[in-house]
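Novice: Right, I'll just put the structure down here and ask away after.
The values are calculated or read from the model by the stated rules, or taken from the named source; none is laboratory data. On a predicted model such as this, the values are computed, not experimentally measured, just so you know. Counting neighbours? That spans all protein chains shown, and the Cβs are built from the backbone with ideal geometry, glycine included. Calculation scope for accessible area: heavy atoms of the full protein, side chains included, ligands and nucleic acids excluded. Shrake-Rupley method; radii C 1.70, N 1.55, O 1.52, S 1.80 Å.
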Amino acid sequence: MKKASFIFIFLCCIHLSNAQKLLSPKEFLGYELGDRFTPHHRVMAYFKHVAEVMPNVDLRQYGETYEHRPLVYAVVTSVENFKDLEQIRTNNLRRSGLMEGTATADPRVLVWLSYNVHGNEASSLEASMLTLFDLANANNTKTQEWLKNTVVILDPCINPDGRDRYANFYNQYLNNPPNSDKDAKEHHEPWPGGRANHYLFDLNRDWAWGTQIETQQRLKVYNEWMPHVHVDFHEQSYNSPYYFAPAAEPYHEVISPWQREFQNIIGKNNAKYFDEQGWLYFTKEFFDLFYPSYGDTYPMYSGAIGMTYEQGGGGSGGLSITTKEGDPLTLKDRLTHHYTSGLATIEVTSGNAGRVIKEFEQYFKDNLSNPRTPYKAYVIKADNNPDKLTQLTRWMDLHLIKYGQPTAGKSLRGFDYQNQATSNFSLTTDDLVINVYQPKSRFITTVFEPQSKLADSVTYDITAWNLMYAYNLKAYAVNERIPVKNFQAKDLLHAASVDKPYAYIFKYQSLQDVAFMAELMKLGIKVRAAEKSFSINGDSFEPGSLIITRRNNENVNEFDKSIRDLAKGMNRKVFTSPTGFASKGKDVGAEDVKYLKAPKVAMLFGEETSSLSAGEVWHFFETQIKYPITQIGTDYFEEIELSKYDVLIVPEGRYKVIDESQLERIANWVSKGGKLIIIANGLNAFAEKKGFNLKKYITEVEKNEAERKEKLAKEKELLTRYADAERKEISNVISGAIYKISLDTSHPLAFGVGDTYYTLKTNELRFAYLEAGWNVGVIKGIAKPVQGFAGKHINKKMDDSLVFGVEEKGDGTIIYLVDNPLFRSFWENGKMIFSNAVFMAGQ
């Protein structure tokens with residue numbers, strides 16, 4: 001009995017000892033890193049283990065994904081620093097000006113490492129475990145020395161949903177042993193791939209816009225720390241060598257000389273370790289620092305040294321793949337490279353901590369006292385739609401951008417975003433003002449400045465994104481600072497209300513109005529819309545205004561209460577009328593007041609669709625207007641009975657499934673009352689096809705001229721220098737430029753949009769005006785971007801071209817959207833165009 005007790009106690013002691021021991025990833029997982037792809041939940045378990053057994057590691061959950069996987073980050077530093085962790089954080093915020101008070105001299109620097117933003121760039125999650133182990137390991141004298149003056153934050157997986165999607169696919173199709181032949185199934189992900197998040201958004205394009213829940217939660221904690229150095233780990237083609245900073249041109253001009261310099265210092269330190277191993281790498285190519293919504297540029301514009309590190313591999317890499325040189329590239333190789341560059345970055349930052357902190361402080365001193373821009377304030381007029389102002393202020397709150405209202409009115413002169421010219425205007429005390437004398441000064445500049453200087457037109461992404469145009473705001477950029485007081489949003493003033501009115505009326509001017517209409521439809525309340533302006537009961541209303549009559553809604557339980565409660569809950573201004581007789585314009589019962597049938601909506605989804613575009617549509621319906629949509633797989637589309645649906649949306653894509661027989665079937669469905677909405681390059685499946693009126697834009701004169709020029713161009717091309725090929729190619733490219741288009745505001749597709757519309761053109765599609773249809777949005781005359789780069793050859797071809805068109809076919813409607821109005825979900829005014837396509841046009 002005593003012997004048994006002794007053995008039991010001994011075994012318990014062994015278990016307790018093991019429980020307190022820091023285990024390596026191999027010891028914890030039971031296999032070597034690189035032997036397989038580790039599921040996200042096992043990585044979380046390892047991070048939890050390290051935090052539990054080590055006194056200098058803290059694991060914090062900052063949110064969860066759409067699929068309810070945890071989002072976490074680990075903080076690692078020395079035991080001594082760990083006691084002062086909150087003081088280090090808040091002192092750094094005082095340094096940046098985001099927290100009041102004077103910062104003390106503190107030599108400790110902050111490095112943030114972000115892994116696996118693209119789910120199928122899967123090696124960095126594996127690298128994060130090895131990096132954490134070496135930082136936490138008390139026996140590692142190198143890392144422990146660095147941690148004396150360095151706090152390291154590791155976000156092991158920005159995109160868990162996409163990462164598990166990829167890992168689950170790969171583990172399902174993995175050969176044993178792994179097949180390095182690129183033709184093997186394990187190297188070919190099915191649609192949509194693991195790159196994007198649940199709603200198929202690219203999270204590395206969402207830092208600035210914050211449309212996704214993962215981004216919103218990450219931005220909150222990022223801005224609570226404001227690191228001095230940030231690394232975003234990626235993968236690229238498996239045939240590419242490793243990439244690290246310094247970045248390629250163009251750099252945005254707000255980037256400081258120090259930020260440029262320290263990228264070089266970091267790059268040289270990375271190169272030292274790669275040189276020792278003979279690993280191939282490159283710098284200063286492809287990955288520029290211009291578009292503000294990357295994991296390197298957003299930190300850059302927030303004072304950090306922001307960098308992208310790219311390892312060859314990606315979704316094709318698997319556990320092993322043969323490169324073009326005939327060499328195997330393994331998962332172990334890939335994670336080791338990321339592990340090495342991550343530690344090298346911590347090392348060089350620790351070694352230069354004093355300078356890093358000094359320059360970080362200077363960055364924000366300059367922001368507060370000497371902003372690097374000719375425009376010192378942005379004025380957004382008070383008479384803009386209040387929903388747009390609310391949406392914009394929420395966005396600014398997400399980024400800790402300060403704004404207010406003028407302490408006094410005055411006459412000013414500034415750049416007018418509506419006219420793209422400098423003009424005089426009156427500043428009022430109700431206007432919204434964003435001064436650039438604040439911590440987020442440079443980020444504000446990149447997002448709002450009238451023109452961004454483009455040092456090199458060869459860029460990695462779009463070159464225009466201005467939110468003044470995205471929201472279509474009446475606004476000005478001025479070259480002087482404006483004294484402000486705290487911003488006070490106007491209270492919603494409800495019109496005089498009739499207890500049991502003949503009709504309820506609601507204005508239709510914003511996406512929030514669309515969401516309100518959608519909710520009414522889901523409740524079974526019948527809604528009408530006025531096609532023309534009218535006045536009734538002393539109030540005036542624009543086209544698109546929503547009218548809910550007591551007639552036809554007799555079966556709605558508690559009709560008045562339902563409408564009033566919903567309007568209150570969604571903060572909609574209620575207008576009522578005791579009569580249907582209009583004092584001006586058409587009466588409520590007139591033919592021009594159309595009943596809006598609650599549509600049953602479907603969309604194409606799956607192979608051949610652009611996953612990004614399909615995700616934008618899906619996200620729009622589910623999260624922004626909360627209206628049901630049915631996703632129909634392209635693999636079984638031909639089996640679907642289209643008559644079940646009122647609306648079919650075709651996202652961007654390259655469609656083989658839409659063959660001649662399907663075109664005929666879709667055309668017949670439209671003729672019988674269906675509505676077809678086609679987005680951007682999805683139009684190519686329908687252009688010039690029987691039953692559809694969309695034509696590619698080329699006249700006979702242009703055809704002859706094009707043939708002549710093509711002949712000359714071929715002759716000239718024979719003499720093109722090899723080195724000039726890329727420059728030559730960009731003359732035929734539009735890199736995300738903004739154009740002001742002519743808009744037919746009387747058409748239902750334009751209801752609630754305003755008198756002008758700015759389109760973000762991200763393609764080179766060119767179609768003629770519809771000969772039998774409504775040319776609602778067009779580029780009229782000479783095409784000229786108001787912001788962004790468009791190649792000189794392709795830009796000329798945009799003259800007199802279609803942007804948004806509506807074709808009436810039998811009892812149905814076809815809506816052609818040449819530019820994608822839902823692009824990355826940040827082009828707010830585009831959402832009204834798309835909403836009208838779904839709910840208004842063709843009714």
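Novice: Which members of the stretch 160-175 meet the condition of being under 18 Å from the mean Cα position of the chain (by Cα) and farther than 16 Å from GLN61 by Cβ? Spell out the reasoning first.
Specialist: Of the stretch 160-175, the ones under 18 Å from the mean Cα position of the chain (by Cα) are 160-162.
Hit for the stretch 160-175 is GLY162, nothing else.
Novice: Could you tell me how many of the residues in the stretch 397-426 are among the hydrophobic types (A, V, I, L, M, F, W, C), farther than 13 Å from VAL478 by Cα and either modelled with pLDDT under 95 or within 33 Å of the chain's Cα centre (by Cα) (or both)?
Specialist: Total satisfying the criteria: 3.
Novice: For a quick check of your reading of the model, give me the residue pairs whose first member lies in the stretch 606-619 and is at positive phi, whose second is outside any loop (DSSP other than H, G, I, E, B), with beta-carbon atoms closer than 6 Å and at least 6 apart or on different chains.
Specialist: As it stands, the answer is GLY606/GLY633; GLU608/GLY653, since those pairs meet every condition given.
Novice: For the stretch 389-411, what are the residues that are assigned to a strand (DSSP E or B) and either in contact with an Asp or Glu (Cβ under 9 Å, 6 or more places away or on another chain) or open to solvent by 40 Å² or more (accessible area, probe 1.4 Å) (or both)?
Specialist: At the first step, the residues of the stretch 389-411 found to be assigned to a strand (DSSP E or B) are 404-406, 410-411.
GLN405, PRO406, LYS410, SER411 - these are the residues of the stretch 389-411 that are assigned to a strand (DSSP E or B) and either in contact with an Asp or Glu (Cβ under 9 Å, 6 or more places away or on another chain) or open to solvent by 40 Å² or more (accessible area, probe 1.4 Å) (or both).
Novice: Could you grab me the full set of residues in the stretch 583-607 that are buried (at least 19 other Cβ atoms within 10 Å of the Cβ) and farther than 25 Å from MET832 by Cβ?
Specialist: GLY606
Novice: Identify, by number, the condition in (1) open to solvent by less than 10 Å² (accessible area, probe 1.4 Å); (2) in contact with a Ser or Thr (Cβ under 6 Å, 6 or more places away or on another chain) that PHE133 doesn't meet.
Specialist: (1)
Novice: In the set LEU749, LEU683, LEU694, which member is at pLDDT 90 or above, in a loop (DSSP other than H, G, I, E, B) and surrounded by 14 or more Cβ atoms within 10 Å (Cβ to Cβ)?
Specialist: Just one listed residue meets the conditions, LEU694.
So that you can scan it fast, the table gives a plain yes or no per residue for (1) open to solvent by 10 Å² or more (accessible area, probe 1.4 Å); (2) under 30 Å from SER78 (Cβ atoms):
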site	(1), (2)
SER114	no, yes
GLY119	no, no
LEU125	no, yes
ILE153	no, yes
ASP161	no, no
PRO192	yes, no
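Novice: For the stretch 447-490, which residues satisfy the criterion of being surrounded by 20 or more Cβ atoms within 10 Å (Cβ to Cβ), closer than 19 Å to ASN763 by Cβ and touching an Asp or Glu at 6+ places or on another chain (Cβ under 7 Å)?
Specialist: If the condition is that a residue be surrounded by 20 or more Cβ atoms within 10 Å (Cβ to Cβ), closer than 19 Å to ASN763 by Cβ and touching an Asp or Glu at 6+ places or on another chain (Cβ under 7 Å), then THR459, ALA470 are the ones that fit.
Novice: Continuing with the same structure: Scanning the stretch 139-150 for residues that are within 16 Å of VAL50 (Cβ to Cβ) and in contact (Cβ under 8 Å) with a residue 12 or more places away in the chain, which turns out most open to solvent (accessible area, probe 1.4 Å)?
Specialist: Once the filter is applied, the top-ranked residue is GLN144.
Novice: Now for a different question. Which of the residues spanning the stretch 219-243 are farther than 19 Å from GLU325 by Cα, over 19 Å from the mean Cα position of the chain (by Cα) and open to solvent by 10 Å² or more (accessible area, probe 1.4 Å)?
Specialist: Once the filter is applied, which keeps residues that are farther than 19 Å from GLU325 by Cα, over 19 Å from the mean Cα position of the chain (by Cα) and open to solvent by 10 Å² or more (accessible area, probe 1.4 Å), the stretch 219-243 yields only GLU224.
Novice: In the stretch 757-786, what residues are open to solvent by less than 30 Å² (accessible area, probe 1.4 Å) and in contact with a His (Cβ under 6 Å, 6 or more places away or on another chain)?
Specialist: Answer for the stretch 757-786, where residues must be open to solvent by less than 30 Å² (accessible area, probe 1.4 Å) and in contact with a His (Cβ under 6 Å, 6 or more places away or on another chain): just VAL776.
Novice: Suppose the filter is of a type in the set (A, V, I, L, M) and touching a Leu at 6+ places or on another chain (Cβ under 6 Å); does LEU368 pass it?
Specialist: Spelling it out, it is not the case that LEU368 is of a type in the set (A, V, I, L, M) and touching a Leu at 6+ places or on another chain (Cβ under 6 Å).
Novice: Looking at this structure, is GLY544 under 30 Å from PRO578 (Cβ atoms) and modelled with pLDDT of 95 or more?
Specialist: Considered against the rule, which asks whether it is under 30 Å from PRO578 (Cβ atoms) and modelled with pLDDT of 95 or more, GLY544 comes out as yes.
Novice: Confirm whether LYS626 is of a type in the set (Lys, Arg), farther than 23 Å from LYS522 by Cβ, in a loop (DSSP other than H, G, I, E, B) and in contact (Cβ under 8 Å) with a residue 24 or more places away in the chain.
Specialist: So LYS626 fails the test.
Novice: Output yes when any residue across the stretch 412-428 is in contact with a helix residue (DSSP H, G or I) (Cβ under 7 Å, 6 or more places away or on another chain), outside any loop (DSSP other than H, G, I, E, B) and either farther than 29 Å from PHE287 by Cβ or aromatic (Phe, Trp, Tyr) (or both), and no when none is.
Specialist: no
Novice: Okay, next question. I need every pair where a residue in the stretch 246-274 that is among the hydroxyl-bearing types (Ser, Thr, Tyr) has its Cβ under 7 Å from the Cβ of a residue that is open to solvent by 10 Å² or more (accessible area, probe 1.4 Å) and not in a helix (DSSP H, G or I), sequence separation at least 6 or different chains.
Specialist: The qualifying pairs are TYR251/ALA455.
Novice: Go through the stretch 429-446 and give me each residue that's assigned to a loop (DSSP other than H, G, I, E, B) and either open to solvent by less than 30 Å² (accessible area, probe 1.4 Å) or closer than 26 Å to GLY791 by Cβ (or both).
Specialist: Residues of the stretch 429-446 assigned to a loop (DSSP other than H, G, I, E, B): 429-431, 436-440.
Within the stretch 429-446, ASP431, VAL436, GLN438, PRO439, LYS440 meet the criteria.
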